[in-house]
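*Asks:* I am attaching a structure below and will ask some questions about it afterwards.
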Amino acid sequence: MEATMKKIYLVGIGMGNIETLTEQARRAIEASELLIGAERMVNAFPDFQGDVCYAISPSKIMDYISEHPKHQAVAVIFSGDVGFFSGAKKLNQSIEEQKQSQFVGQNPAGGFWNEYETEFLPGISSLQYFSAKLKLSWEDTKVVSLHGREDNIMGAVWNHSKVFFLTGGDYSVKKVCQILSENNLEEAIVHVGERLSYLNERILSATAGSLAEEEFDPLAVMLIENEKIIQRSVITHGLNDELFRRGQVPMTKSEIRSISISKLQLRPGDVVYDIGAGTGSVSIEMAFQAYEGSVYAVEFNEEALGLIQQNAEQFGVWNLKVIEGKAPDALADLPVPDRAFIGGSKGNLAEILELLVKKNPKIRVVVNAITLETMAEAISQFQKLGFEDIDIVQIFAAHGKAAGNYHMMLGQNPVFIISGQK
């Protein structure tokens, strides 16, 4: 790199108090002729000798720099660390895109940015600072940002003994504590850090239940310790049928259940519908797979509804929600699904698929069918609605049964498994 290259330092300044600034970051700011950042952070450097600009968005930052090309060194400051939920990532990407567009002839003005070299300077993140204050190690901590996003709070807490939350938007400390309390975790220990590093910093620890009605500063973080995390020794699907309470309700058998769930290609954070849930056997196994997501078991049969609830409690699946009613009407107010399993449609398959596609044009669906008519209708509707990679499998399973000194195989009804991706 030539010595004449201009510099843009992307600087993590820690919590906001300049005492948490690294010496490397301090030297870079002092060597810069222009300081850019949020007003609260820029004002933390009253002795800065150069020009200042209050800006947060990459476009405004880049516009100001391009309009003032005289500066040989620019410091753009970010709270915490530049590698921890920081705007530094997006700004650097924007600068690199401008450089690349100039090389491919899309934007001749992009050559301006080739005069600059960016450099990341790390700072102390809120996770590091808060963990140190609590005297806790943080290498085993699950990190979740709630700034303008809807993350599965309970998915993180149920599956990790320590979870760090960056609160924001609709998810305040109070709201998170209320969600924990509503899900039987009112005794979980919640550590709250307000205005970290400032003179009026406040750190307190209490149970989620005791903090559910408390108000906190918007500038707050949380670290939750939960001793009730779910421990599973078996992570594969296809649980033994005898483990489920069945009554007189039809149940998707182990082998069919296992293959159907495989065809769904579930991901940890997925929102999944089980339509015509029966005993809830498929719902429960999907809840194990989508352990940071949610499963909605839709059923109208009264006995089946009771069995789903009993089985859910027996297996301890916190993320399974039982929905009483018939599809498609019962699906209308549910969150947008990523995946859907249809084990029973009561003659409404076409309407159900149309609603699923309307709710999510990229949904993946698996249908189980026993009759040729249902199989044919599923394929026809998949094609009509523009599903791709349509796959049809017929599964015939037989189980061994002792007969005196011998064993004989008893066959189950063959089942068609139809899957497709929008």
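The values are calculated or read from the model by the stated rules, or taken from the named source; none is laboratory data. Just so you know, these numbers come straight off a predicted model, no measurement behind them. Cβ coordinates were reconstructed from backbone atoms using ideal geometry, including for glycine residues, and neighbour counts include every protein chain displayed. Side chains are part of the model used for accessible areas, which takes the heavy atoms of the whole protein and leaves out ligands, DNA and RNA. Shrake-Rupley method; radii C 1.70, N 1.55, O 1.52, S 1.80 Å.
*Asks:* From 344, 400, which residue is at pLDDT below 95, closer than 23 Å to residue 237 by Cβ and assigned to a loop (DSSP other than H, G, I, E, B)? Explain how you work it out, then say what you get.
*Replies:* Numbers: 400 fails: assigned to a loop (DSSP other than H, G, I, E, B).
That would be 344, the only listed residue that is at pLDDT below 95, closer than 23 Å to residue 237 by Cβ and assigned to a loop (DSSP other than H, G, I, E, B).
*Asks:* Another question, then. Run residue 139 past the list (1) surrounded by fewer than 18 Cβ atoms within 10 Å (Cβ to Cβ); (2) over 20 Å from the mean Cα position of the chain (by Cα); (3) modelled with pLDDT of 90 or more and report the number of the one that doesn't hold.
*Replies:* So the condition that residue 139 fails would be (2).
*Asks:* With the requirement that a residue be more than 22 Å from residue 132 (Cβ to Cβ), open to solvent by less than 60 Å² (accessible area, probe 1.4 Å) and outside any strand (DSSP E or B), what does region 201-210 give you? Show your work before the answer.
*Replies:* Quick first cut of region 201-210, residues more than 22 Å from residue 132 (Cβ to Cβ) only: 207-210.
So of that shortlist, the ones also open to solvent by less than 60 Å² (accessible area, probe 1.4 Å) come out as 207-209.
208, 209 - these are the residues of region 201-210 that are more than 22 Å from residue 132 (Cβ to Cβ), open to solvent by less than 60 Å² (accessible area, probe 1.4 Å) and outside any strand (DSSP E or B).
*Asks:* Go through 182, 227, 242, 201 for me and flag whichever is in contact (Cβ under 8 Å) with a residue 12 or more places away in the chain and not β-branched (Val, Ile, Thr). Talk me through it step by step, then tell me what you get.
*Replies:* Values: 182 fails: in contact (Cβ under 8 Å) with a residue 12 or more places away in the chain; 242 fails: in contact (Cβ under 8 Å) with a residue 12 or more places away in the chain; 201 fails: in contact (Cβ under 8 Å) with a residue 12 or more places away in the chain.
Checking each option against the conditions leaves just 227.
*Asks:* Here is a further query. Are any residues in region 5-39 in contact with a helix residue (DSSP H, G or I) (Cβ under 9 Å, 6 or more places away or on another chain) and among the β-branched types (Val, Ile, Thr), and if so, which ones?
*Replies:* Within region 5-39, 8, 11, 13, 18, 20, 36 qualify.
*Asks:* Related question: Between a residue in region 406-422 that is hydroxyl-bearing (Ser, Thr, Tyr) and any residue that is at pLDDT 90 or above and assigned to a strand (DSSP E or B), which pairs come within a Cβ distance under 6 Å, given they are 6 or more apart or on different chains?
*Replies:* 419/366; 419/391
*Asks:* Which residue, of 190, 163, is farther than 23 Å from residue 17 by Cβ, within 20 Å of the chain's Cα centre (by Cα) and either among the hydroxyl-bearing types (Ser, Thr, Tyr) or not in a loop (DSSP other than H, G, I, E, B) (or both)?
*Replies:* That would be 163, the only listed residue that is farther than 23 Å from residue 17 by Cβ, within 20 Å of the chain's Cα centre (by Cα) and either among the hydroxyl-bearing types (Ser, Thr, Tyr) or not in a loop (DSSP other than H, G, I, E, B) (or both).
*Asks:* Further question: What helices (runs of 4 or more DSSP H) completely inside region 1-90 contain at least 2 residues that are over 28 Å from residue 143 (Cβ atoms), out of contact with any strand residue (DSSP E or B) (no Cβ under 7 Å at 6 or more places or on another chain) and of a type outside the set (Phe, Trp, Tyr)? First the steps, then the outcome.
*Replies:* On the way: elements: 23-31, 39-42, 58-67.
Correct list: 23-31, 58-67.
*Asks:* Counting only residues that are crowded, with 21+ Cβ neighbours inside 10 Å and in a loop (DSSP other than H, G, I, E, B), how many does region 250-269 have?
*Replies:* Number satisfying all stated conditions: 3.
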